[in-house]
Amino acid sequence: MAVIRDLNKDKMDVVEGSYAVAHSVKVCKPNVISAYPITPQTHIVEDLSQFIADGEIPNCEYINVESEFSALSALVGSSAVGARCYSATTSQGLELMHEVLFNVSGMRLPIVMTIANRAVSAPINIWNDQQDSISQRDTGWIQLYAEDLQEASDMHAQAYKIAEDKDVMLPVMACMDGFILSHVYEPLVLLEQDLVDEYLPPYEPEYKLDPKNPMTFGSFADPECYTEFRYLQQKAMDNALGKVEEAANDFYKTFGRYYGGLIDEYETEDAEIILMAMGSVIGTIKETIDKLRAKGVKVGLLKVRAFRPFPVEAIRNAIKNAKVVVAIDKNISLGLNEGALFTETKASLYNTSIDVPVIGRMIGHGGRDIPLSTIEKIIDDAVNVMKSGISVESQYADLKEELL
Amino acid sequence: MNFLFKSGHRGCAGCCDAMVAKFTLMAAGENCIVVSPTGCLEVMTTPYPESAWGVPWIHSLFENAASVASGIEAALKAMGKDDTKVVAIGGDGGTIDIGMRAISGAFERGHDITYVCIDNEAYMNTGVQRSGATPYDASTTTSPAGAISFGNKRPKKDMPAIMAAHGAPYIATTSLGYPKDMIKKIKKAIDVEGPTYIHAHAPCTTGWGFDSSKTVEVAKLAVQTGLWPLYEMENGEITSVKKIGKQKKPVEDYLKMQRRFKHLFTKEGGDEELKKIQAIADENIVKFGLE
């Protein structure tokens, strides 16, 4: 399915990605925003702070916390009281939150947090890759990845819709590539307040901290019952598979814009080669595909929007008729020499009748530029796999040998 | 009497945490939300699916109770429910060591919360390891007395002074030896607007090594020797002090009741150490005008 966008030019503004996201958060009417500044997330929280200073977000408190650890910890309390909550972070900040991430999902608090994806230290690097959020994949958060500013902006309304669904009640990371999306200006439609009000109902949790009906949150679970709590979290993730699709479809009905649900596809129908990727690199891949299609190369794209829950069935269906699949990763699992999308895609095909060779290529780490030539080189590798099988299963595709 | 902190929890007989929690809820009343960090209090009061809390209660992590309390306060404010009081009750480790960043941030931001630190002077939930609140010469499992050691080498961190430096409008030290005084101070702390801090000295029968019937007696002796001064600070100034007067006892009376100080009475050189501890008490008596 192609991207559908009912974009009326009269309704469009040219804004920075961070501003678009801040605006989206504003129109989702949060009660508590809690954040700690870290590059390249800063513009989002600065814009939100200005909205607060100008009285543009009623019934909302902004907490200037002393660390990312407290940014998310404060929202544990706020969300448990029944507040709609928001934070944003990246890289080191997200890693500092690690312990709290498990806690939020375990307590089933539907917090939405923007991740302006950035590399992790050492060596310190403020530019984009997706090692930060991918490294948090087992923390029980839903993870959605945006392709461009319009999607990043709109994704936040979808994120609240998914997170607060009674059958889900899980936190969501709305991931957008740092700088590439957070600091770029593009024409887009700022999320429409009247339509958001229609799309996103007020948050009314089934359970909350309320003196009129005292409840205990965060109790101690011994071996008699701990497994069942974890099982129910996984069930909620299973439920989220359908809810991610539903939120995207409902969004299309209300706003006329659609970017895929769990996944999206581009030129895959007759594709022999399918590239898989997440985030802003999607645009570069589409352009490369257009170029190569003109030369007769049957190449298509599988855009993965939801990395958690991992859309196993959707991926299987999308790639089953391809002759070769390449998973592109802006992350690496050190010691395995594979990116997570590659590893998990391979795992999704094992024990099935689908017999498609899959290779992994890691690119764009620490903000390394991804020109069309890098994608073309990867497609060349894929062509060679079709001709003579896999020679190198997984590797960096943009390594500078001369620096080693 | 129907207490908001219910019986049937898993605390030890003579448990100091249970007593402080009970007194805190007596002071706070029904319209409050309580936050506790990880620790004995959390473990013993909420073994799923049971709970000893008759008020809404939340535990998140070890080091973030003050942050969680901040978030609750902010949310209540945003949602127009700010008549509900927010109280954090945590141990010394979760408050003054691993929770230091969180409580510092919460107090600097000026949230309307009350933080009650139950100071039993070591990490009791994990098996009596040394914390920043462990007193000089106390033997713990990670600062044990031995052939060349008299136990913990450092004095207690002065947490009330640190909180005063944050500009907290009300701070008080309390003791389980004086429950009425404790309840009165907690109530006052909750009524004062802004971040207020209660530091409750709380003898732990298991960790300190005394008979479970002696919690109150040991607590009283800490006050009567001058080792735990009781005072209130309002806007950085000491506004009341509990005088010891004629009740003043030598530190030996307090120390000899506890296994954690046993080595001071059996080990060569213990006399000299006792003098040092007496000097700490004497300094307190002068500093706070306890006589």
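The values are calculated or read from the model by the stated rules, or taken from the named source; none is laboratory data. Fair warning: this is a prediction, and the values are worked out from it, not measured in the lab. Here the Cβ positions follow ideal geometry from the backbone for every residue, glycine too, while neighbour counts run over all protein chains shown. When the accessible area is computed, the model is the full protein with side chains, heavy atoms only, and any ligands, DNA or RNA have been set aside. Shrake-Rupley method; radii C 1.70, N 1.55, O 1.52, S 1.80 Å.
Summary table below
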{"item": "Candidate set from the range A:181-204 (those that are surrounded by fewer than 18 Cβ atoms within 10 Å (Cβ to Cβ) and within 14 Å of chain B (Cβ to nearest Cβ)); member that is nearest to A:Thr39 (Cα to Cα)", "result": "A:Pro202"}
{"item": "Which numbered condition A:Ala83 misses (of (1) part of a loop (DSSP other than H, G, I, E, B); (2) in contact (Cβ under 8 Å) with a residue 24 or more places away in the chain; (3) open to solvent by 10 Å² or more (accessible area, probe 1.4 Å))", "result": "(3)"}
{"item": "Tally, over the range A:94-123, of residues that are open to solvent by less than 10 Å² (accessible area, probe 1.4 Å), free of Cβ contacts under 8 Å to residues at least 60 places away in the same chain and either away from chain B (no Cβ under 14 Å) or closer than 16 Å to A:Met155 by Cβ (or both)", "result": "1"}
{"item": "Criterion: within 14 Å of chain B (Cβ to nearest Cβ) and not acidic (Asp, Glu) - qualifying residue of A:Leu170, A:Leu232", "result": "A:Leu232"}
{"item": "Identity of the residue in the range A:1-21, under 20 Å from the mean Cα position of the chain (by Cα) and modelled with pLDDT of 95 or more, that ends up most open to solvent (accessible area, probe 1.4 Å)", "result": "A:Tyr19"}
{"item": "Some residue of the range B:207-219 being small (Gly, Ala, Ser), farther than 20 Å from B:Thr140 by Cα and open to solvent by less than 40 Å² (accessible area, probe 1.4 Å)", "result": "no"}
{"item": "Boolean, A:Gly140 is among the small types (Gly, Ala, Ser) and touching a Ser or Thr at 6+ places or on another chain (Cβ under 8 Å)", "result": "yes"}
{"item": "Filtered residue count, the range B:40-62, keeping only those that are more than 7 Å from every other protein chain (Cβ to nearest Cβ), open to solvent by 10 Å² or more (accessible area, probe 1.4 Å) and not in a helix (DSSP H, G or I)", "result": "3"}
{"item": "Residue that is farthest from B:Arg130 (Cα to Cα), among those in the range B:224-262 that are of a type in the set (Val, Ile, Thr) and open to solvent by less than 40 Å² (accessible area, probe 1.4 Å)", "result": "B:Ile244"}
{"item": "Residue count, the range A:360-376 (criterion: closer than 27 Å to A:Val120 by Cα and part of a helix (DSSP H, G or I))", "result": "7"}
{"item": "Residue in the range A:137-145 that is open to solvent by 40 Å² or more (accessible area, probe 1.4 Å), more than 9 Å from chain B (Cβ to nearest Cβ) and touching a strand residue (DSSP E or B) at 6+ places or on another chain (Cβ under 8 Å) present", "result": "yes"}
{"item": "Spans of strands (runs of 3 or more DSSP E) in the range B:180-255 with at least 3 residues touching a Cys at 6+ places or on another chain (Cβ under 9 Å)", "result": "B:196-201"}
{"item": "Any chance A:Ser24 is crowded, with 20+ Cβ neighbours inside 10 Å, within 14 Å of chain B (Cβ to nearest Cβ) and of a type outside the set (Phe, Trp, Tyr)", "result": "no"}
{"item": "Hits in the range B:28-39 - residues which are open to solvent by 10 Å² or more (accessible area, probe 1.4 Å) and more than 8 Å from chain A (Cβ to nearest Cβ)", "result": "B:Ala28, B:Gly29, B:Thr38, B:Gly39"}
{"item": "Residue check, A:Glu198 in contact (Cβ under 8 Å) with a residue 12 or more places away in the chain and within 22 Å of A:Val21 (Cβ to Cβ)", "result": "yes"}
{"item": "Any chance A:Ala271 is free of Cβ contacts under 8 Å to residues at least 60 places away in the same chain, in contact with a helix residue (DSSP H, G or I) (Cβ under 6 Å, 6 or more places away or on another chain), surrounded by 24 or more Cβ atoms within 10 Å (Cβ to Cβ) and not charged (D, E, K, R)", "result": "no"}
{"item": "2 or more residues aliphatic (A, V, I, L, M): qualifying helices (runs of 4 or more DSSP H) within the range A:122-208", "result": "A:149-163, A:193-199"}
{"item": "Unmet criterion (only one of (1) in contact (Cβ under 8 Å) with a residue 40 or more places away in the chain; (2) within 14 Å of another protein chain (Cβ to nearest Cβ); (3) open to solvent by 10 Å² or more (accessible area, probe 1.4 Å)) for B:Pro169", "result": "(2)"}
{"item": "Some residue of the range B:72-83 being more than 16 Å from B:Thr38 (Cβ to Cβ), more than 10 Å from every other protein chain (Cβ to nearest Cβ) and in a loop (DSSP other than H, G, I, E, B)", "result": "yes"}
{"item": "B:Ala168 among the small types (Gly, Ala, Ser), more than 21 Å from B:Ala21 (Cα to Cα) and touching a strand residue (DSSP E or B) at 6+ places or on another chain (Cβ under 9 Å)", "result": "yes"}
{"item": "Some residue of the range A:30-37 being open to solvent by 40 Å² or more (accessible area, probe 1.4 Å), more than 7 Å from every other protein chain (Cβ to nearest Cβ) and in contact with a helix residue (DSSP H, G or I) (Cβ under 8 Å, 6 or more places away or on another chain)", "result": "yes"}
{"item": "Neighbours by Cβ (under 8 Å, 6+ apart or cross-chain): first from the range A:46-69, open to solvent by 50 Å² or more (accessible area, probe 1.4 Å); second in a loop (DSSP other than H, G, I, E, B) and at pLDDT below 95", "result": "none"}
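So that you can scan it fast, the table gives a plain yes or no per residue for (1) on the phi < 0 side of the Ramachandran plot; (2) open to solvent by less than 50 Å² (accessible area, probe 1.4 Å); (3) more than 8 Å from chain A (Cβ to nearest Cβ):
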{"site": "B:Asn64", "(1), (2), (3)": "yes, yes, no"}
{"site": "B:Ser67", "(1), (2), (3)": "yes, yes, no"}
{"site": "B:Ile89", "(1), (2), (3)": "yes, yes, yes"}
{"site": "B:Met100", "(1), (2), (3)": "yes, yes, yes"}
{"site": "B:Tyr115", "(1), (2), (3)": "yes, yes, yes"}
{"site": "B:Val128", "(1), (2), (3)": "no, yes, yes"}
{"site": "B:Thr142", "(1), (2), (3)": "yes, no, yes"}
{"site": "B:Lys156", "(1), (2), (3)": "yes, no, yes"}
{"site": "B:Pro160", "(1), (2), (3)": "yes, yes, yes"}
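Yes/no matrix, rows are residues, columns are (1) assigned by TED's automatic domain parsing to the domain that holds A:Asp210; (2) hydrophobic (A, V, I, L, M, F, W, C); (3) under 30 Å from A:Met12 (Cα atoms):
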| position | (1), (2), (3) |
| --- | --- |
| A:Leu72 | yes, yes, no |
| A:Gly82 | yes, no, no |
| A:Ser91 | yes, no, no |
| A:Asn117 | yes, no, yes |
| A:Val120 | yes, yes, no |
| A:Lys161 | yes, no, yes |
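Residues are listed down the side, and each one gets a yes or a no for (1) farther than 23 Å from A:Leu101 by Cβ; (2) more than 7 Å from every other protein chain (Cβ to nearest Cβ); (3) out of contact with any Asp or Glu (no Cβ under 6 Å at 6 or more places or on another chain):
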position	(1), (2), (3)
A:Glu46	yes, yes, yes
A:Ser49	yes, yes, yes
A:Ala53	yes, yes, yes
A:Glu56	yes, yes, yes
A:Ile63	no, no, yes
A:Ser67	no, no, yes
A:Ala74	no, no, yes
A:Ser78	no, no, yes
A:Arg84	no, yes, yes
